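The values are calculated or read from the model by the stated rules, or taken from the named source; none is laboratory data. Predicted model, so just to flag it, every value in this text is computed and none were measured. Cβ placement follows ideal geometry from the backbone for every residue including glycine, while neighbour counts extend to all protein chains displayed. Quick note on the areas: whole protein, heavy atoms, side chains included, nothing else; ligands and nucleic acids left out. Shrake-Rupley method; radii C 1.70, N 1.55, O 1.52, S 1.80 Å.
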Amino acid sequence: MKTFDYDVATDVDDAIARLVADPSASLLGGGTNLVDLMKLGSAQPTSLIDVTRLPLGEITIAADGGLRVGAAVTNSDLAVHPVVRSRYPVLSRAILSGASGQLRNMATTGGNLFQRTRCVYFMDSSKPCNKREPGSGCPAIEGEHRNLAILGASEHCVATHPSDMAVALTALDTVVDVAGPHGTRRVPIAELYRLPGDAPQTDTTIEHDEIVTGLEIPELPAGTVSLYRKVRDRASYAFALASVAAVLRVEDGQVTEARIALGGVAHKPWRAYTAEGDLLGRAAKPEVFREAIDLELKAAKPLRDNTFKIPLVRGLVTEALTELTRRESSE
């Protein structure tokens, strides 16, 4: 591992000032992803700025009924919080579907958002990778890509975003609170992540000198139900081949609200807006769910070894929405 400096931020402004002073510095929360990348040589920050002692560890109910989550809240604490379990089961289940209990105890909410891809070429510093070294190429396109993107990829990168939590937060229309040298801003999570295009080295729209301070999760409308489903190669500690976070409301047998976010299929959590629009006002039936997700999947461009993800996503979304319809009708 390359040597680095270590500093503890005293407050948010101090963390920002340190980022401004060192363009190669990185923020350190739980370190569950960053430290691994440093050991592999895929990340080489000149300094680490420890932000775990900042006063960002609270979960509170906002005046409008939503939930405010500090960036330093651990994944474990967020997953088991009684409000999250009762009002946002999609989020609780997504977090519990990721990593191990030990890692969830360390990982922070803010840090989880910025996990980097587990593409084998990105993780191996001896291999070319446009995300790690722009212009060096993307060997995954012709090489090992079974678990990589079928939606929104480019000729420069076919990596997938690894976070389960971020998929659920995308379906919940979460807003990310950001602080920087020019003040604060609120970033809808749909605008947080970016597709690779011709700059795959840039994962998000957050600037180097900015820090996430928390999340705002809006209250779900009355009558909505939600869940998270994940398909992986093994039952424990594996990233998604495909996953779905779904939020659904059905009235008189018709879909009045549908939110669908997909994981394991794109460079970012993929919000299925085409499918959502097709579902509104239609009968809540499996064949309708299948037709809607098929419209979304028309944009898919699978590679040689991940074509299987298309029927996998179709079945996963159809089953998830069907299950939510049964739950809604029983309540």
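Points to keep in mind about this one:
- Burial ranking of peptide ranges 294-305, 79-90 (average Cβ count within 10 Å, highest at the top): 79-90, 294-305
- Anisotropy class of segment 239-331 from Cα gyration tensor, a/c 1.5 cut: prolate
- Sequentially through segment 203-218, phi angles give Karplus couplings (6.51, -1.76, 1.60; θ = phi - 60°) of 7, 9, 9, 7, 6, 4, 8, 10, 9, 6, 9, x, 10, 10, 9, x Hz, Gly and Pro residues having no value and appearing as x.
- Total formal charge among the other residues, if their Cβ is under 12 angstrom from that of V212, Lys/Arg +1 and Asp/Glu -1: -2
- Net charge, L37 excluded, C-beta distance under 13 Å - Lys, Arg +1, Asp, Glu -1: +3
- Cβ-defined net charge surrounding T307, 11 Å radius [Lys, Arg +1; Asp, Glu -1]: +3
- Remark: relative contact order (segment 225-329) = 26 percent; criterion is Cα-Cα distance under 8 angstrom and separation of 6 or more residues.
- Dipole orientation for the chain: of the candidates P311, T274, L37, P311 has the Cα lying most toward the positive pole (charges on Cβ; Lys, Arg +1; Asp, Glu -1).
- F4 contributes an accessible area of around 80 Å² to the protein surface, as traced by a 1.4 Å probe with all chains present.
- Dipole axis of segment 225-329 (+1 Lys, Arg; -1 Asp, Glu on Cβ), positive-most option in I260, S236, P286: S236
- Phi angles across segment 119-131 convert, under the Karplus curve 6.51 cos²θ - 1.76 cosθ + 1.60 with θ = phi - 60°, into 3J(HN,Hα) values of 3, 5, 6, 5, 6, 9, 5, 7, 9, x, 6, 4, 6 Hz, Gly and Pro given as x.
- For the chain: rounded, prolate or oblate by the Cα gyration tensor [a/c cutoff 1.5]: oblate
- Segment 225-329 - charge dipole about Cα centre, Lys and Arg +1 at Cβ, Asp and Glu -1, debye rounded to 20: 480
- A simple charge model with +1 on the Cβ of Lys and Arg, -1 on the Cβ of Asp and Glu and nothing else charged puts the dipole of the chain at about 1060 debye relative to its Cα centre.
- Euclidean distance of C-alpha centroids, segment 207-231 and segment 64-140, integer Å: 12
- Gap separating the Cα centres of segment 238-301 and segment 1-15, nearest whole Å: 41
- Computed on protein heavy atoms with a 1.4 Å probe, the accessible areas place D13, D7 in the order D13, D7, largest first.
- Charged-residue dipole, Cβ positions (Lys, Arg, Asp, Glu), segment 5-52 about Cα centre, Debye nearest 20: 240
- In terms of its alpha-carbon gyration tensor, segment 5-52 comes out oblate; a/c meets the 1.5 threshold, while b/c is at least as large as a/b.
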